[in-house]
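Each remark here refers to the structure printed beneath this line.
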Amino acid sequence: MRITMDPVAGNEDLPSRSDVIVIGGGIIGVSTALFLAERGVSVTLCEKGIIGAEQSGRNWGWCRTMGRDAAEIPLTVESLRLWRRMNEITGLETGFRERGTLYLLDGEKALASYESWMEHARDHALSARFIEGAEITNLLPGLAKPWKRGLYTPTDGTAEPFKATPAMARAAQKKGAVILQHCAVRGIETEGGAISGVVTERGAIRCGAVVLAGGAWSRLFAGNMGLNFPTLPVINTVMRTAPDESLPDLAVGGPDFAFRRRLDGGYSVAIRNDNLAPLTLDSFRLFFDFLPTALKSMHEYRLGLTPYFFEDWKRARRWENDEITPFELVRTLDPKPVKRDLKNAWANTVKAYPGFGKLKPVQSWAGLIDATPDAVPVISEVPNRPNFYIASGFSGHGFGTGPGAGHLMADIVTGAAPIVDPTPFRLTRFRGQSTG
């Protein structure tokens with residue numbers, strides 16, 4: 001189902017030149033453009049559809065440090081710091097609120113996993129802590145059963161996906177960025193081995209650097225350049241309810257459900273730890289890249305044959321800069337919500353918290369997540385491709401880490417001191433990426 005984003009009045013005129021071109025108008029590309037523009041860098045962002053309309057507008061809206069991969073914790077800490085200021089930075093409502101996040105832990109295996117993670121949390125002085133029965137009940141009165149343990153981070157927050165990325169885009173424009181919507185980039189031009197510009201469907205723009213932040217499309221774009229950027233798609237289904245002021249404010253994740261309060265007073269509800277990984281041609285090409293993660297996390301994913309397989313089968317993998325590209329044929333990835341996931345998410349949520357039974361789901365949608373083999377993003381220069389950078393593969397973590405990721409990408413592009421150590425996010429950690 002199509003979602004409605006806050007509108008962004010994109011620029012109409014194609015600039016003849018820009019210092020940096022950002023490909024992709026999701027939260028990562030928009031955040032990168034915002035922090036480049038803040039430094040006085042001439043930046044143009046090209047989006048094939050409209051700002052934030054794919055996964056950046058379809059996610060759960062969590063902005064958390066809790067439970068992150070150890071490699072991501074510093075980035076999430078900086079992102080949360082920026083989220084707290086994002087309404088001020090943009091001068092607009094992003095929906096960010098410091099509501100806190102809570103995981104309800106079921107069984108010794110889940111507890112042991114998070115006990116191990118807490119060692120990393122303590123290293124970074126996070127506010128995450130284990131809580132027990134009475135405190136859980138105080139935070140979540142109305143639970144169907146007592147939960148012995150929970151992991152609670154009171155300083156985590158949530159924001160509104162349909163508001164946040166457009167607000168950041170409008171702020172970037174005010175700082176001088178050019179935002180082009182319905183303007184797909186077809187390819188990159190070089191002179192003497194160096195980037196000299198991009199070719200869009202509306203014409204050429206000369207530039208000195210390019211940031212690829214295309215989300216689920218980044219692998220396809222990189223592949224046309226002869227680069228093997230290893231990502232696979234994951235479909236996540238979400239629903240929202242009508243408003244209700246009597247239920248909890250904080251974001252809650254159980255073993256098989258998740259919910260968070262929305263700015264409109266309703267809730268976003270989803271299934272947890274049961275994601276659909278649609279079969280694609282790349283499922284076979286990247287089998288060995290993803291095998292270790294698949295074996296470790298097979299309980300969280302299920303393979304499925306969906307219409308996406310046949311769409312992917314027909315999609316062009318190579319094109320010239322004067323040809324219509326796949327990006328122009330599909331302006332917005334809009335997968336159908338998975339009925340099984342909707343049914344189970346709602347049933348699991350009501351079972352755990354019966355108060356939800358009085359609410360009614362009013363809308364559902366799905367989004368396509370771009371996952372890397374280790375579920376950690378790439379925010380990196382590309383070897384042997386001077387001034388070409390990738391910020392993609394956020395594996396479902398892009399919304400929460402978006403501000404910090406964009407800041408880091410802007411740091412790398414400009415040669416500034418990085419907001420966090422970029423080493424964990426380098427492209428070369430993957431097989432076959434030491435050369436371009």
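Can Ile89 be described as surrounded by fewer than 24 Cβ atoms within 10 Å (Cβ to Cβ) and under 17 Å from the mean Cα position of the chain (by Cα)? So Ile89 does not fit the description; no.
State which residue is surrounded by the fewest Cβ atoms within 10 Å (Cβ to Cβ) when the search covers only the range 347-361 and only residues that are touching a helix residue (DSSP H, G or I) at 6+ places or on another chain (Cβ under 7 Å) and part of a helix (DSSP H, G or I). Here the answer is Gly357. The single condition from (1) at positive phi; (2) surrounded by fewer than 24 Cβ atoms within 10 Å (Cβ to Cβ) that Gly52 fails is (2). Reported count of residues in the range 8-43, each being outside any helix (DSSP H, G or I) and within 20 Å of Ile379 (Cβ to Cβ), is 11. The numbered conditions (1) more than 15 Å from Phe257 (Cα to Cα); (2) touching a strand residue (DSSP E or B) at 6+ places or on another chain (Cβ under 9 Å) are all true for Leu342 except (1). From the list Asp341, Asp334, Asp322, Asp312, the lone residue that is under 19 Å from the mean Cα position of the chain (by Cα) and of a type in the set (Asp, Glu) is Asp334.
Taking the listed residues Leu102, Leu111, Leu36, Leu75, the one that is of a type in the set (A, V, I, L, M) and within 17 Å of the chain's Cα centre (by Cα) is Leu75, with no other qualifying. Checked against the criteria, Leu342 does not count as touching a Pro at 6+ places or on another chain (Cβ under 7 Å), at negative phi and either surrounded by fewer than 24 Cβ atoms within 10 Å (Cβ to Cβ) or assigned to a helix (DSSP H, G or I) (or both). Elements of the type strands (runs of 3 or more DSSP E) sitting completely within the range 135-248 and holding at least 2 residues that are of a type in the set (A, V, I, L, M) and farther than 30 Å from Leu104 by Cα: these cover 178-180, 185-191, 194-200, 203-212. For the range 107-128, the candidate set comprises residues that are within 21 Å of Arg81 (Cα to Cα) and in contact with a strand residue (DSSP E or B) (Cβ under 6 Å, 6 or more places away or on another chain); within that set, the residue that is surrounded by the most Cβ atoms within 10 Å (Cβ to Cβ) is Ala128. Please indicate, with yes or no, whether at least one residue in the range 331-338 is at pLDDT 95 or above, surrounded by fewer than 15 Cβ atoms within 10 Å (Cβ to Cβ) and either of a type outside the set (Lys, Arg) or farther than 30 Å from Thr200 by Cα (or both). Yes, because at least one residue in the range 331-338 is at pLDDT 95 or above, surrounded by fewer than 15 Cβ atoms within 10 Å (Cβ to Cβ) and either of a type outside the set (Lys, Arg) or farther than 30 Å from Thr200 by Cα (or both).
State whether one or more residues within the range 371-378 are buried (at least 16 other Cβ atoms within 10 Å of the Cβ), in a helix (DSSP H, G or I) and of a type in the set (Asp, Glu). No, that holds for no residue.
Within the range 345-365, the residues that satisfy the criterion of being at pLDDT 95 or above and in contact with a strand residue (DSSP E or B) (Cβ under 7 Å, 6 or more places away or on another chain) are Ala345, Trp346, Thr349, Leu359, Pro361, Val362, Gln363, Ser364, Trp365.
Among the residues here, Asp274 qualifies as out of contact with any strand residue (DSSP E or B) (no Cβ under 6 Å at 6 or more places or on another chain) and not hydroxyl-bearing (Ser, Thr, Tyr).
What are the residues in the range 88-134 that are within 24 Å of Ala164 (Cα to Cα), part of a helix (DSSP H, G or I) and in contact (Cβ under 8 Å) with a residue 40 or more places away in the chain, if any? Give the derivation first.
As a first pass, look at the range 88-134 and keep what is within 24 Å of Ala164 (Cα to Cα): 88-102.
Add one more test, that the residue is part of a helix (DSSP H, G or I), and what stays is 88-90.
Those that are within 24 Å of Ala164 (Cα to Cα), part of a helix (DSSP H, G or I) and in contact (Cβ under 8 Å) with a residue 40 or more places away in the chain: Ile89, Thr90.
Pick out the one residue from Arg68, Arg58, Arg64, Arg39 that is under 21 Å from Ala177 (Cα atoms) and touching a residue at least 24 places away in the same chain (Cβ under 8 Å). Walk me through it before giving the result.
On the way: Arg68 fails: under 21 Å from Ala177 (Cα atoms); Arg58 fails: under 21 Å from Ala177 (Cα atoms); Arg64 fails: under 21 Å from Ala177 (Cα atoms).
After ruling out the rest, the residue left standing is Arg39.
The values are calculated or read from the model by the stated rules, or taken from the named source; none is laboratory data. Note that this is a predicted model, so its numbers are computed, not measured. Methodologically, a virtual Cβ is constructed for each residue, glycine included, from the backbone with ideal geometry; neighbour enumeration extends over all protein chains shown.
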